[in-house]
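The values are calculated or read from the model by the stated rules, or taken from the named source; none is laboratory data. This is a predicted model, so every value here is computed, not measured. Positions of Cβ are backbone-derived with ideal geometry, glycine not excepted, and every protein chain shown enters the neighbour counts. When the accessible area is computed, the model is the full protein with side chains, heavy atoms only, and any ligands, DNA or RNA have been set aside. Shrake-Rupley method; radii C 1.70, N 1.55, O 1.52, S 1.80 Å.
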Amino acid sequence: MFNSTRIFAAASIAAMSLFAGSAMADGEKYVIGTDSTYPPFEFVDASGTIQGFDIDIAKALCAEMKAECSFVSTDWDGIIPALNAKKFDMIVSSMSITPERLKLVDFSNKYYNTPPAIAVPKDSKITDVAGLKGKVIGAQTSTTHANYAEKHLADTELKLYPTADEYKLDVSSGRVDAVIDDVVVLSEWVKSDAGACCKILTTLPVDKEINGEGAGIAIRKGDPLKEKLNTAIAAIRASGEYKKIQDKYFDFDVYGE
């Protein structure tokens, strides 16, 4: 998320949020790319401002680095190409650290790690993973969750969507039998009015080859920003700022083992 076919498109700005935090007058300035359609990690509120766990973590890291940061909402399918084209300086968007992505970008250390899960309609006859055989499963394209379904749920029909919102609409209307995504994303959704249709069927074992070591911050290959971010992540963990942000969104430890 970690976080899910997205149509490749030029980066589109849905919202931009500037903050100085504890930035120094001569501090660094960074632009952060994020796909703001993945609550509770990133979303756009009624005022058009990007909010969420990832955003608050990014702000805390920027404050720790004494840097001034801004956020740009960008289509998921083009987010790594946009980073490498220098449209922004880093990606903070629940991006799993995977071997395939490491061929394209560098990552900071993880800042959270939660498993994938399956959600189904509340009246579904599916009671376990075995019951998914022959069923249609929705997932967001270009995500670890779509890759996980392709590998571990190969006896199902996988239907891909540009955004998580679209697969949620289809499972609520009965056009797919189940959906796969990060357990936090699905748990928050089924607790909301929009997700009242559905329930969590089960969490799934983590496949480190697919799911990676957790969600990290992507930067361009060789960028020294990596070490600054790692130092800042350790600092906000040690200071209690990380827990303060985590407790705003979750009632459990999202950092993982």
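What size of dipole, in debye to the nearest 20, comes out for the chain about its Cα centre when the only charges are +1 on Lys and Arg C-beta atoms and -1 on Asp and Glu C-beta atoms?
Working: 28 positive and 37 negative charges, 43 e Å.
Roughly 200 debye, rounded to the nearest 20.
Provide the per residue accessible area, probe 1.4 Å, for segment 116-210, rounded to a whole number of square angstrom. It would help to have the intermediate numbers written out before the result.
Details: 4310 Å² over 95 residues.
Averaged over the residues of segment 116-210, the accessible area is 45 Å².
Heavy atoms only, probe 1.4 Å: what % of the accessible area of the chain goes to carbon and sulfur, would you let me know? Walk me through the intermediate numbers first.
Details: 5970 of 11330 Å².
C and S fraction of accessible area: 53 percent.
Out of A196, Y161, N211, whose Cα points farthest toward the positive end of the dipole of segment 161-211 (charges: +1 Lys, Arg; -1 Asp, Glu; placed on Cβ)?
A196
For segment 209-256, state which trypsin sites (Lys or Arg not before Pro) are in a DSSP loop and have at most 13 other beta carbons lying within 10 Å of their beta carbon.
On the way: sites: R220, K221, K226, K228, R237, K243, K244, K248; in loops: R220, K221.
Answer by residue number: K221.
Whole-Hz ³J(HN,Hα) for each residue in segment 144-157, computed from phi via Karplus 6.51 cos²θ - 1.76 cosθ + 1.60 with θ = phi - 60°, x for glycine and proline: what do you get?
Residue by residue, segment 144-157 yields 5, 5, 5, 5, 4, 5, 4, 8, 9, 10, 5, 8, 10, 9 Hz.
Are there trypsin sites (Lys or Arg not before Pro) in segment 97-203 that DSSP puts in a loop and that have at most 12 other Cβ atoms within 10 Å, and which ones? Show your work: numbers first, answer last.
Details: sites: R101, K103, K110, K122, K125, K133, K135, K151, K159, K168, R175, K191, K199; in loops: K103, K110, K122, K125, K133, K135, R175, K191.
Within segment 97-203, the qualifying trypsin sites (Lys or Arg not before Pro) (loop, at most 12 other Cβ atoms within 10 Å) are K103, K122, K125, K133, R175, K191.
Could you list which residues have their amide H under 5 Å from that of E157, counting only those 5 or more apart in sequence or on another chain, with H placed in the peptide plane?
G134, K135, V136, I137
Between R237 and E28, what is the label-to-label distance in nm when each label sits 7 Å out along the Cα-to-Cβ direction?
1.9 nm
Taking θ = phi - 60°, what integer Hz values does the Karplus form 6.51 cos²θ - 1.76 cosθ + 1.60 yield along segment 176-183, in sequence order, with x for Gly and Pro?
Along segment 176-183, the couplings run 10, 8, 7, 9, 10, 6, 5, 4 Hz.
To the nearest Å, what is the center-to-center distance of segment 184-257 and segment 150-181, using C-alpha atoms only?
After rounding, the separation between the Cα centres reads 22 Å.
Can you list residues from other chains, or at least 5 along the same chain, whose modelled amide H is less than 5 Å from the amide H of F71?
S17, I32
Give me the extension gain from E188 to A130: residue separation times 0.36 nm, minus the current Cα-Cα distance, reported in nm with one decimal. Present the calculation step by step, with values, prior to reporting the outcome.
Numbers: separation 58, 0.36 × 58 = 20.88 nm, distance 2.47 nm.
Full extension of this stretch gives 18.4 nm more.
Along segment 194-201, what does the Karplus equation 6.51 cos²θ - 1.76 cosθ + 1.60 (θ = phi - 60°) give for ³J(HN,Hα), rounded to whole Hz, x for Gly and Pro?
Once θ is set to phi - 60°, the couplings for segment 194-201 become 5, x, 5, 5, 10, 9, 7, 7 Hz.
Given that just one value was derived from the coordinates, which of (1) 17.1, 54; (2) 17.9, 60; (3) 17.4, 49 is Rg and Dmax of the Cα atoms in Å?
Recomputing Rg and Dmax of the Cα atoms in Å here picks out (2).
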